[in-house]
Amino acid sequence: MLAGHQFRGSGRVLIMDDEEFLLDVGSDMLKSIGFEVVKARHGDEAIALVKESVLRGTPFRAAILDLTIPGGLGGQETVGPLAEIDPELRIIASSGYTDNPVMAEPGRYGFAGRLIKPYRKSELSKLMQTLFG
């Protein structure tokens, strides 16, 4: 990226996290670089939203999934069903647990990339540029 040049994205992104604060911060970051954002709190909700988006003909470009959702489906359990529903969807693993094997090798587990929490807007922008730029 050139100094002073910021990647601008477009399209819809799903962000899934059990923490409202992280949903809000991630959503604000994504909106600030040009994406429309839909929030989900757990995997079942994310799966329903992706199914609905495909049926309506307005698929998501990417989904950012928190790997650990207490009492619900996390990213690791959700990535497979989402990839079946929409094979074009770019799915990103998100976690603060850097020792999780998914975070070491996201591609092995069906993810297109990873974000280590807490992530900065610059890290998010760089990843989205890698996936869509």
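The values are calculated or read from the model by the stated rules, or taken from the named source; none is laboratory data. Note that the coordinates shown come from a computational prediction; the quantities given were computed from them, not determined experimentally. All Cβ positions, glycine included, derive from the backbone under ideal geometry; neighbour counts span all protein chains shown.
Some notes on this structure:
- Checking each residue in segment 46-57 for being touching a residue at least 12 places away in the same chain (Cβ under 8 Å) and farther than 22 Å from R8 by Cβ picks out A46, I47, L49, V50, K51, V54.
- In segment 27-44, the residues that are modelled with pLDDT of 95 or more form Cβ pairs under 7 Å with partners that are aliphatic (A, V, I, L, M) and part of a loop (DSSP other than H, G, I, E, B), at six or more places apart or across chains, as follows: H42/I69; H42/L73; G43/I69; G43/L73; D44/L73.
- The residue pairs whose first member lies in segment 114-133 and is assigned to a strand (DSSP E or B), whose second member is β-branched (V, I, T) and surrounded by 14 or more Cβ atoms within 10 Å (Cβ to Cβ), and whose beta carbons are closer than 9 Å, counting only pairs six or more residues apart or on different chains, are R114/I92; R114/V102; L115/I64; L115/I92.
- Top-ranked residue in segment 30-52 [being assigned to a strand (DSSP E or B) and not β-branched (V, I, T); ranked as farthest from E84 (Cα to Cα)]: E36
- In segment 58-111, of all residues being part of a helix (DSSP H, G or I) and in contact (Cβ under 8 Å) with a residue 40 or more places away in the chain, the one that is surrounded by the most Cβ atoms within 10 Å (Cβ to Cβ) corresponds to G75.
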